[in-house]
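Some notes on the structure that comes next.
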Amino acid sequence: MSRIAFDRVVKRYGPHAALRSLSLDVAEGEFLSLLGPSGCGKTTALRLVAGFVTPSEGTIAIDGRDMAGVPPQRRDIGMVFQDYALFPHLTVAENVAFGLRERRQRAAAIAARVAELLALVQLPDLGGRYPAELSGGQQQRVALARALAFRPKLLLMDEPLGALDLKLREHMQVEIRRIQRSLGITTVYVTHDQGEAMAMSDRIAVMNRGRLEQLGPPEEIYERPQSRFVAAFVGKVSFLPVRVIGREGDHVRVAWAGVPLAAMPSGALPPAGAAMLVAVRPEAFVLQPEAAPADPELNALAGLVVERVYAGNLVHATVRLDGGATVVVETAADDALARDGTRVRVAWRAAKTMLLAAEDEKEAP
């Protein structure tokens, strides 16, 4: 299986830099997602690996071989596009067989491989149909089978589930991951959907404005983001601007609106007085009665519930804190404290309190 190495890769289109000094390794057999908003450079990175465009600076190597000057058809790569790009005039079996015929393989070997792949993607009886006769999910599976037909070393997927409805998209996430694991094929997957990346990936590369913001396993990206952008892009989060007071045991003491809070440092202790951000996920908050006894093990801030959004077994309660900021609390649908107009105390543990650098003076308290 393949290993990919980006080494200080830059891609410019005129004065615009779509990628800015990207250095990134993809391990053998890994499922790596490139995650970020539109225009962040993730599809450009994928197209560079495929050979559809060439770097302005830097190198891309596959299995230690520099890909400079190597055309796409000689890179041993399978590709699945967002629109599937199936040939409408060919049957399912003929679409899957297309690359094998181009490589002049024998008819019997082609037929056996097509049957094997249609079974793998759970479409064994649809080989005689045309793309127009298939659902979106079925077309996506055919595109995946076609990309895998010639046993590529590397699989590239560019937002392949974007056109599917939610239920089908969730089902196909499981299917793609099952197939990838069964084959052990190195896979680079482009998406703007953080839930999709979290569900499918071994590691996630979060990108922003052509740069790599953070690289790591899904749990690390979600629980220990290294910047405000990553914290906000990967899941819901509430921010509070704070000033550093000092260190107390394993915690950093900070202050928001005059109230001391405890947070977990992600690196070196910032100096006293430094402007920082506290970031907390909605599921980390707990609503308490305002008059309940204080727990010294918890951070706590008083406020008023100003909005309640029903989400099935959960509700998202927006609480306007007495200091002026708002936070969103995820709680049970039957939580009586989550009603509009209720005075509450919002409590959470220091271990669930992320401390991030403030990005400009406007974020300083």
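The values are calculated or read from the model by the stated rules, or taken from the named source; none is laboratory data. Values in this document were obtained by computation on a predicted structure and should not be read as measured data. So basically every Cβ, Gly included, is an ideal-geometry build from the backbone, and we count neighbours across all protein chains shown. The accessibility values were calculated without ligands, DNA or RNA, using every heavy atom of the protein model including side chains. Shrake-Rupley method; radii C 1.70, N 1.55, O 1.52, S 1.80 Å.
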### Query
Here are some conditions: (1) of a type in the set (A, V, I, L, M); (2) open to solvent by less than 10 Å² (accessible area, probe 1.4 Å); (3) farther than 24 Å from Ala107 by Cβ; (4) out of contact with any Ser or Thr (no Cβ under 9 Å at 6 or more places or on another chain). Val190 meets all but one. Which one does it not meet?
(4)
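So how many residues does region 107-129 have that are within 18 Å of Val80 (Cα to Cα) and either assigned to a loop (DSSP other than H, G, I, E, B) or open to solvent by 80 Å² or more (accessible area, probe 1.4 Å) (or both)?
Taking region 107-129 and keeping what is within 18 Å of Val80 (Cα to Cα), we get 114, 117-118, 120-123.
After this cut, where a residue has to be either assigned to a loop (DSSP other than H, G, I, E, B) or open to solvent by 80 Å² or more (accessible area, probe 1.4 Å) (or both) as well, the list is 121-123.
Going through region 107-129 one residue at a time, the tally reaches 3.
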### Query
Residues Asp66, Asp76, Asp25, Asp7: which one is at pLDDT 95 or above, acidic (Asp, Glu) and touching a Phe, Trp or Tyr at 6+ places or on another chain (Cβ under 9 Å)?
Asp25
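Please go through region 290-310 and give me each residue that is open to solvent by 50 Å² or more (accessible area, probe 1.4 Å), over 25 Å from Gly249 (Cβ atoms) and either among the hydrophobic types (A, V, I, L, M, F, W, C) or touching a helix residue (DSSP H, G or I) at 6+ places or on another chain (Cβ under 7 Å) (or both), ordered by number.
Applying the first criterion (open to solvent by 50 Å² or more (accessible area, probe 1.4 Å)) to region 290-310 yields 290-291, 293-297, 306-310.
Narrowing further to those that are over 25 Å from Gly249 (Cβ atoms): 290-291, 306-310.
Within region 290-310, Ala291, Val306, Arg308, Val309 qualify.
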### Message
From the list Arg169, Arg141, exactly one residue is at pLDDT below 90, within 21 Å of Ser182 (Cα to Cα) and among the charged types (D, E, K, R). Which is it?
### Response
Arg169
### Query
Quick one: which of Gly162, Gly69 is under 29 Å from Ser23 (Cα atoms), over 25 Å from the mean Cα position of the chain (by Cα), of a type outside the set (Asp, Glu) and in a loop (DSSP other than H, G, I, E, B)?
Gly69
### Query
Given the structure, is Glu330 under 30 Å from Glu213 (Cα atoms), open to solvent by 20 Å² or more (accessible area, probe 1.4 Å) and modelled with pLDDT under 95?
no
### Query
List pairs: first in region 170-197 and at negative phi, second of a type in the set (Ser, Thr, Tyr) and part of a strand (DSSP E or B), Cβ under 7 Å, 6+ apart or cross-chain?
Gln180/Thr187; Tyr189/Ser33; Thr191/Ser33; Ala197/Ser33; Ala197/Thr191
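With respect to Val234, is the statement that it is within 30 Å of the chain's Cα centre (by Cα) and either surrounded by 16 or more Cβ atoms within 10 Å (Cβ to Cβ) or at pLDDT below 95 (or both) true?
On the way: within 30 Å of the chain's Cα centre (by Cα): yes; either surrounded by 16 or more Cβ atoms within 10 Å (Cβ to Cβ) or at pLDDT below 95 (or both): yes.
In short, yes.
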### Summary
Gly195 meets each of (1) open to solvent by less than 70 Å² (accessible area, probe 1.4 Å); (2) in a strand (DSSP E or B) with one exception, condition (2)
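If you scan region 337-358, which residues turn out to be over 21 Å from Ala232 (Cα atoms) and open to solvent by 50 Å² or more (accessible area, probe 1.4 Å)?
Taking region 337-358 and keeping what is over 21 Å from Ala232 (Cα atoms), we get 337-345.
Once the filter is applied, which keeps residues that are over 21 Å from Ala232 (Cα atoms) and open to solvent by 50 Å² or more (accessible area, probe 1.4 Å), region 337-358 yields Arg339, Asp340, Gly341, Arg343.
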#### Entry: Residue check, Thr318 outside any loop (DSSP other than H, G, I, E, B), under 25 Å from the mean Cα position of the chain (by Cα), surrounded by 14 or more Cβ atoms within 10 Å (Cβ to Cβ) and hydroxyl-bearing (Ser, Thr, Tyr)
no
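Within the group Gly99, Gly78, Gly69, Gly51, which residue is open to solvent by 70 Å² or more (accessible area, probe 1.4 Å) and among the small types (Gly, Ala, Ser)? Full working, then the answer.
Details: Gly99 fails: open to solvent by 70 Å² or more (accessible area, probe 1.4 Å); Gly78 fails: open to solvent by 70 Å² or more (accessible area, probe 1.4 Å); Gly51 fails: open to solvent by 70 Å² or more (accessible area, probe 1.4 Å).
Exactly one residue qualifies, and that residue is Gly69.
So that you can scan it fast, the table gives a plain yes or no per residue for (1) of a type in the set (S, T, N, Q); (2) touching a Phe, Trp or Tyr at 6+ places or on another chain (Cβ under 7 Å):
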residue: Glu102; (1), (2): no, no
residue: Ile110; (1), (2): no, no
residue: Gln138; (1), (2): yes, no
residue: Ala143; (1), (2): no, yes
residue: Leu154; (1), (2): no, no
residue: Glu175; (1), (2): no, no
residue: Tyr189; (1), (2): no, yes
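Which of the residues that make up region 8-45 are among the charged types (D, E, K, R), open to solvent by 60 Å² or more (accessible area, probe 1.4 Å) and part of a strand (DSSP E or B)? Spell out how you get there, then give the answer.
Going through region 8-45, the residues among the charged types (D, E, K, R) turn out to be 8, 11-12, 20, 25, 28, 30, 42.
Next cut, open to solvent by 60 Å² or more (accessible area, probe 1.4 Å) only: 8, 12, 20, 25, 28.
Listed by number, the residues that qualify are Arg8, Arg12, Arg20, Asp25.
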### Task
Return yes or no: is Arg104 at pLDDT below 95 and in a loop (DSSP other than H, G, I, E, B)?
yes
### Task
Test Asp83 against the criterion of being open to solvent by 10 Å² or more (accessible area, probe 1.4 Å), within 30 Å of the chain's Cα centre (by Cα) and acidic (Asp, Glu), and give yes or no.
yes
